[in-house]
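This report concerns only the one structure given below.
The values are calculated or read from the model by the stated rules, or taken from the named source; none is laboratory data. Treat the numbers as computed from the prediction; the structure is a model and nothing was measured. We place every Cβ from the backbone using ideal geometry, glycine too, and count neighbours over all the protein chains shown. The area values use the complete protein model at the heavy-atom level, side chains included, leaving out ligands, DNA and RNA. Shrake-Rupley method; radii C 1.70, N 1.55, O 1.52, S 1.80 Å.
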Amino acid sequence: MTMQLLRLSGLALSVLAAALVAGFFYAYHCSVMPGLAATDAVSAIKAMQGINAVVRNAVFAFSFFGTLAFGGLATLLLIGAGGWPLALALLGTAIYGLGAFMVTLLYSVPLNEGLATVVPTTENAAAIWRAYLEPWMFWNALRMVMSVLTLAAFTASLVMLIARAQGARIPA
């Protein structure tokens, strides 16, 4: 396998994983969480506890961990190529690593773990759900935007690398 094919493959996998994770965060932002917020707090808490109990699976891992891993691999493979493809792959990896991956580990996971320990009742559920929903939605919106920016950076890197391979003059 040639180095060019490895670079293209690494970027293609980065684009795929970033698209999946951006879509995942987007779906939560525009449908899952508003849908849960439209139900009663006890039901919303129980549903979110159920979601959080099953979300850590291989399919999710491909997008969540893969975006960072494939982005890092693509960046390493592009070191010899230099220019904009390398810069954009590095930018995409950094944006995702700090703006989505670390945000998840530092903010979203602790919120989810805290919610997992509660037993919602009609008396306490509204306060618990309010305290969870607002910060969770804020951090998820940030993850969504950062994942979309990551996808844009990886896609631009891939397009530039393909254009360069076809003889187009891409500025350095």
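Below are the figures for this structure:
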| read-out | value |
| --- | --- |
| Whole-number percent relative contact order across the chain, with pairs defined as alpha carbons under 8 Å at least 6 apart | 39 |
| Answer label for Cα extents along the principal axes in Å (calculated), chosen among (i) 67, 25, 22; (ii) 60, 37, 33; (iii) 43, 36, 27 | (i) |
| Most fluctuating residue given options ALA100, ALA38, ALA18, as computed from a GNM of the chain linking Cα atoms under 10 Å | ALA38 |
| Accessible surface, 1.4 Å probe, highest first, among residues ARG130, ARG164 | ARG130, ARG164 |
| Total formal charge among the other residues, if their Cβ is under 14 angstrom from that of MET160, Lys/Arg +1 and Asp/Glu -1 | +3 |
| Listed residues GLY114, LEU77, SER147: farthest to the positive end of the dipole of the chain (Cβ charges) | LEU77 |
| MET137 accessible area, assembled protein chains, probe 1.4 Å, Å² | 50 |
| Residues of segment 88-111 with amide N under 19 Å of the 7 Å Cα→Cβ point at ALA131 | 107-111 |
| Assigned charges on the beta-carbon of Lys, Arg, Asp, Glu; the chain dipole about Cα centre (debye) | 560 |
| Calculated FRET efficiency for the pair LEU5/THR39, C-beta based, R₀ 45 Å, to 0.05 | 0.35 |
| Net +/- balance of residues flanking ALA127 in space, Cβ distance below 15 Å, scoring K and R +1, D and E -1 | -2 |
| THR150, THR93, reordered so the largest accessible area comes first (probe 1.4 Å) | THR93, THR150 |
| Solvent-accessible surface ranking, highest first, for PHE154, PHE62, PHE138 at 1.4 angstrom | PHE138, PHE62, PHE154 |
| Whole-Hz couplings from phi, Karplus 6.51/-1.76/1.60, listed for segment 2-8; x for Gly and Pro | 6, 4, 4, 5, 4, 4, 4 |
